[in-house]
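Read-outs throughout are calculated quantities, based only on the coordinates presented, and are distinct from any laboratory measurement. Bear in mind the structure is a predicted one, so any value in this text is a computation, not a measurement. Using ideal geometry, Cβ is built from the backbone for each residue, glycine included, and neighbour counts are taken over all protein chains shown.
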There are 2 protein chains.
Amino acid sequence: MNIFSNNSYDRHEKVLFGYDEASGLRAVIAIHNTQLGPALGGCRMHPYASEADALTDVLRLSKGMTYKSALAELPLGGGKSVIIGDPSKDKRPDLLAAMGRFVDSAGGRYIVAKDMGICVPDLRAMAEHTTHISGVGECLDVEGKRRDGDPSPSTAYGVFCGIEASVEFHLGRKHLEGLRVAIQGLGSVGYSLATMLRKAGAELFVSDINAASVERAVRELDATAVAPTDIVALDVDVFAPCAMGAVINEQTVEVVRAKLVAGAANNQLATPAQGDRLLQRGILYAPDYVINAGGIIDAYYMDHGKSAQSLKTHVENIATTLERIYHESKRFRLSTQEVADRMAESRFMATERLAS
Amino acid sequence: MNIFSNNSYDRHEKVLFGYDEASGLRAVIAIHNTQLGPALGGCRMHPYASEADALTDVLRLSKGMTYKSALAELPLGGGKSVIIGDPSKDKRPDLLAAMGRFVDSAGGRYIVAKDMGICVPDLRAMAEHTTHISGVGECLDVEGKRRDGDPSPSTAYGVFCGIEASVEFHLGRKHLEGLRVAIQGLGSVGYSLATMLRKAGAELFVSDINAASVERAVRELDATAVAPTDIVALDVDVFAPCAMGAVINEQTVEVVRAKLVAGAANNQLATPAQGDRLLQRGILYAPDYVINAGGIIDAYYMDHGKSAQSLKTHVENIATTLERIYHESKRFRLSTQEVADRMAESRFMATERLAS
């Protein structure tokens, strides 16, 4: 039994285990760091094979949120929660109510949002027991349209701005006209990104396990369909992973032919070693949690009822952050991932701690 | 790694792990049950050999507090906290401040008090960061004297009343005149109990690892000194354990010659099996957490500024609770420990849970 000495503990401020006998709730809230503000992070519901798996997952994700919010320049810390259970069977109203009370008991140091297995109606059920909740309101998106809590367009827009900045830094090109981009995954973020890129004149190569999405992109966006197995090694300018994580692993890192890797997927690198290898190979990597921060920026603006224009400006700032990371990476010959981590840490760690 | 499936977890509502990098605090707050009120329980500081040891300790102690407060008829639940560290080396102001903040973050569902390794000045240091704290005020004791947070006289008085009730039930004697009582341990509770028993005419046999305490009892209370190894098997009417726990184990349970076991020590039985064995042997056992509840009753009255007379009446009620337990034990042929547990559970479990 280890919490403090768990490999993923990494100085979490708090880890809360909650149990509710009546509903059968077993949940963990991990609060990694609240130096910059309350810890915002999604609640994931999953039938974990073991408690240890659940704990490792929540600790790893929670820490990631600290880094993401810090570099997104939001007054938020990092946290995450997990419910041990099968969302298709165990997600009853009394369990969601108990989770709402559990979130509330953290006194606002943790703010819950949705994640795998938890959708907006589930959040609304929790919201009857706590006000420390994100993503249950309506708001305007970056284009000023009303929508219901889906931050995908903001995430896609942030990735788009990030690709523009990366292309300018690495290829010296100010426009995307004729740029060849391979997009892996045409979910709501991937498709939205494809639309923006196409509008800017890019040539698209797409893959998805869902054939209908690929057909639609071919028809609407003049994209070229690519087999899912071929997309990573395609000879293009930009490879944009927008599906599962760990797509850049020990094997695939050697076959990437794109000049840049910049996409919306979480945890694109299997290990930090791949960040170093991409640097060696001269491939510019846009750290995933920096370029895909549009979603959390959106959530923050939505929760605070801010204007679509101020949200847009904040999302566009992702480009500036990436440029800063690229310059430091070049200067110190460190992977962009490592530079991003250090930059985030210098923001969320208290000054007196840095000095020690 | 197991929390929910830890042997001692037993349906804890919450287990909170807290870490503070600056001070090095590593602490666990266990909240077993808050059905009857906020979870009150001491904070123990100890250089645990492992995290697992710390967790097992806090879970076990926390659960015990639920049972104790429930049977003491207090509007309190059960909780406990541990700080992993050496009180003689690691107890710095910043660590106590961090612990105070950690307690505060539980939002009042946990109320901290002192326990091994944590004294009143330590609590006062925590009190600068939280109001959810017990035992930092001054009050009157059962005899109306002003004192500084030490509940020992109330604990001793409760045990005294409990012995009276037990003697009446089991031996049919209304007075303690000439009763032979063996007291193991002459700490503040043990000595105070000895004084009360002597005043009531009992004949005392005492042991303690501290020779000075024994000499004082011999001199002041006309007690007979007994070797620590002999006290358990002494031929007396009442054996009153007032020192360490697990004094009634698989071996000693066979050699007890007293007709009653009734004392202030915590966790007197090594396992529940010894409760059954005492029943078989016709020895009446006063469940420890019932008879020694004077301390927590005192803490509750002190925190709420209640009168010495109302405190005294509440402590005296321990006798009534014990009588009820003894009658049920006789009726159902269950050990007094088991009857006490079931009685406590019927109080702190919600009715709908009992029904299921």
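Some observations on this one:
- Centroid-to-centroid separation of the stretch A:184-253 and the stretch A:81-107 [C-alpha atoms, Å]: 35
- Copy-to-copy label separations for B:P47, where each label sits 7 Å from Cα toward Cβ, in nm and ascending: 4.8
- Principal-axis tilt of helix A:294-303 within chain A, Cα atoms, nearest 10 degrees: 40
- Filter on B:K91/B:K199; A:K89/A:K312; A:K63/B:K63; B:K199/B:K306 - keep pairs with C-alpha separation over 30 Å: B:K91/B:K199; A:K89/A:K312; A:K63/B:K63
- Environment charge at A:A243 (Cβ cut-off 13 Å; Lys +1, Arg +1, Asp -1, Glu -1): -2
- Take B:T313, move 7 Å from Cα toward the beta carbon, and the resulting point lies 6.7 nm from the same point in each other copy, nearest first.
- Between copies, the label points of A:K330, set 7 Å from Cα on the Cα→Cβ line, lie 9.2 nm apart, reported in increasing order to one decimal in nanometres.
- Beta bridges per DSSP with both ends in the protein assembly as shown, % antiparallel, nearest 5: 40
- Remark on the protein assembly as shown: ratio of C-alpha radius of gyration to 2.2 N^0.38 Å is 1.20.
- Counting only DSSP beta bridges with both residues in chain A, the antiparallel share comes to about 35 percent.
- Set of lysines with alpha-carbon distance to A:K330 below 25 Å, sequence-local pairs under 8 removed: A:K68, A:K174, A:K259
- Neighbourhood charge, 11 Å Cβ-Cβ cut-off, centred on B:D122 and excluding it, Lys, Arg +1 and Asp, Glu -1: +3
- Distance between the stretch A:302-354 and the stretch B:20-78 - C-alpha centres, whole angstrom: 41
- In the stretch A:219-295, trypsin sites (Lys or Arg not before Pro) in a DSSP loop with at most 15 other beta-carbon atoms within 10 Å: A:R257, A:R281
- Coil-residue trypsin sites (Lys or Arg not before Pro) of the stretch A:285-353, DSSP, other Cβ within 10 Å capped at 15: A:K306, A:R333
- Net charge of neighbours whose Cβ lies under 11 Å from the Cβ of A:K306, counting Lys and Arg as +1 and Asp and Glu as -1: -1
- Cross-link partners for A:K14 among the aspartates and glutamates, with Cα-Cα distance under 12 Å and sequence neighbours closer than 8 places in the same chain left out: B:D20, B:E21.
- Nearest 10 degrees, 0 to 90: helix A:336-348 Cα axis against chain A principal axis: 40
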